[in-house]
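Asker: Structure incoming, see below.
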Amino acid sequence: MTIKSFPYKMIVQQKEEMSLRELVLKIQRCCRYVLGKWMIIGICGVAGAAAGTMLALLDEKKFAGELTFVLEESRSSPLSAYAGVASQLGVDLNTGSSNGVFEGDNIMKFLSSRLMVERTLLFPVITGKDKKTLADLYMEFSGLQEKWSRHKRLQGINFPAGYKRAKFSLLQDSILNVLQERIVENNLEVSKPDKKLNFISVKCISRNELFSKVFTEQLVKEATDFYIETKTMRNKANTERLQGQADSLKTVLSKKVYTAASVQDLYFNPAKQVAGIRAEEELRDKLILQTMYAEVVKNLEISKMAMAQETPVIQIVDTPILPLKIKKLGILKGIFLGGILGGLLAGAFFLVKYTYRRILRDEV
């Protein structure tokens with residue numbers, strides 16, 4: 001068996017050596033064929049450079065408004081020790097941690113959500129002597145207003161500043177939805193520059209410098225205000241309820257103090273013990289009210305501490321400052337990228353053509 005298998009192994013090794021040699025030869029022939037078309041490839045590269053130059057000249061200036069912020073949120077509450085005391089009057093300190101829209105990568109989706117973008121688009125901005133919303137400004141410089149004015153139904157469509165969102169017509173709702181989709185797809189970029197850090201970058205790129213700046217700033221403001229409001233909603237309700245109780249008890253206690261003092265002046269007689277009963281009752285009621293008021297005030301302060309603890313700290317690191325950074329394809333960059341792309345496409349074409357011919361020749 002060993003003598004028969006030896007020639008077989010030799011034949012397999014020879015075939016492997018021959019196949020490797022053939023592969024190298026095929027690569028050499030392919031390279032020579034492609035390089036032999038250097039003139040055509042060069043012409044394609046020049047054509048690509050010309051196309052890149054034309055594209056750079058036709059490319060309009062775009063302004064990039066970028067804002068970077070950091071969200072600092074406490075993961076654990078130091079008020080857990082007061083939870084038992086605060087629960088006497090039904091105060092929930094919410095000492096546990098829970099995930100929210102600003103947790104992890106949820107903030108990316110939240111900042112580009114329809115709710116936040118539409119709220120931002122309805123923000124009024126002053127342009128010259130006019131006051132218009134960001135939605136009207138976007139329709140104006142993007143050419144949508146001129147395009148839609150050709151349709152009778154869309155003529156005069158706008159979003160007046162200060163107009164309530166609930167009073168919008170069905171057509172206005174549809175147009176506003178189209179605007180927010182275009183902005184999210186073409187103009188808005190939300191990213192984390194470094195995955196290990198909590199820095200969030202919000203960038204708006206458009207042909208209008210004022211829109212890019214104001215939209216970026218207002219979007220972050222709308223998102224942070226909404227988040228803070230929802231995050232502290234429960235503790236805020238508890239605080240307002242305790243504040244109302246404290247004010248009511250304070251008013252009743254003030255009246256009871258005057259009443260107790262008046263009773264002591266009227267009924268104080270050392271010779272008759274019965275005369276002092278009314279005074280003792282008033283003093284007892286005053287003491288009860290004082291105790292209740294002290295407990296309510298204590299729990300009110302605890303609730304305020306809990307609300308302050310739950311309120312996240314959002315630190316703005318960088319804000320867009322005029323003049324904004326211009327995004328435009330430079331002529332040199334257009335020539336370089338166009339030439340490289342044209343040459344690579346031509347080379348890829350000849351490579352595919354050569355391979356296709358070899359396959360057909362081997363099949364024949």
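The values are calculated or read from the model by the stated rules, or taken from the named source; none is laboratory data. Not measured: the values here are computed from a predicted model. All Cβ positions, even for glycine, are placed from backbone atoms using ideal geometry, and neighbour counts span all protein chains on display. Quick note on the areas: whole protein, heavy atoms, side chains included, nothing else; ligands and nucleic acids left out. Shrake-Rupley method; radii C 1.70, N 1.55, O 1.52, S 1.80 Å.
Asker: Which whole number in µm²/s is D for segment 113-165 by Stokes-Einstein, with the Kirkwood Rh taken over Cα pairs at 20 °C and 1.002 mPa s?
Answerer: Estimated diffusion coefficient is 182 µm²/s.
Asker: Straight-line reach only, C-alpha to C-alpha below 21 angstrom: list the lysines that LYS213 could link to, leaving out same-chain residues fewer than 8 apart.
Answerer: Result set, ordered by chain and number: LYS61, LYS62, LYS109, LYS129, LYS131, LYS132, LYS192, LYS203, LYS221, LYS325, LYS327, LYS328.
Asker: Could you give each residue of segment 31-45 its phi-based ³J(HN,Hα) in whole Hz, using Karplus coefficients 6.51, -1.76, 1.60 with θ = phi - 60°, and x for Gly or Pro?
Answerer: 5, 5, 5, 5, 5, x, 9, 4, 5, 5, 4, x, 4, 5, x
Asker: From the phi of every residue in segment 109-114, what ³J(HN,Hα) in whole Hz does the Karplus formula 6.51 cos²θ - 1.76 cosθ + 1.60 yield, where θ is phi - 60° and glycine or proline is x?
Answerer: 5, 5, 5, 9, 6, 5
Asker: Could you give me the radius of gyration and the Dmax of segment 112-220, taking only the C-alpha atoms into account and expressing both in angstrom?
Answerer: 14.7, 53
Asker: List the lysines whose alpha-carbon lies under 17 Å from that of LYS353, not counting same-chain residues fewer than 8 positions away?
Answerer: Candidates past the 8-residue exclusion: LYS26, LYS37.
Asker: Taking the alpha-carbon distance from LYS304 and a cut-off under 18 Å, which lysines remain once sequence neighbours fewer than 8 residues away in the same chain are dropped?
Answerer: Here the lysines satisfying the reach criterion relative to LYS304 are LYS231, LYS236.
Asker: Kindly rank 61-71, 327-337 from highest to lowest mean number of other beta carbons found within 10 Å of each residue.
Answerer: With the highest mean Cβ count within 10 Å placed first, the list reads 61-71, 327-337.
Asker: A further question on this structure: Taking amide H positions as placed in the peptide plane 1.01 Å from N, state which residues far from LYS325 in sequence (5 or more) or on other chains have amide H under 5 Å from it.
Answerer: For LYS325, the qualifying residues are ALA64.
Asker: Taking a probe of 1.4 angstrom, what is the accessible area of GLU60 in Å², to the nearest 10?
Answerer: Near enough 90 Å² of accessible area.
Asker: What relative contact order, as a whole-number percentage, does segment 110-232 give when Cα pairs under 8 Å and 6 or more residues apart are counted?
Answerer: The value is 29 percent.
Asker: For ILE340, ILE302, ILE126, write out the residues from largest to smallest accessible area, computed with a 1.4 angstrom probe and no ligands counted.
Answerer: ILE126, ILE340, ILE302
Asker: Sticking with this structure for a sec: Leaving out ligands, DNA and RNA, and with a 1.4 Å probe, what % of the accessible surface on segment 122-214 is carbon or sulfur?
Answerer: 48 percent
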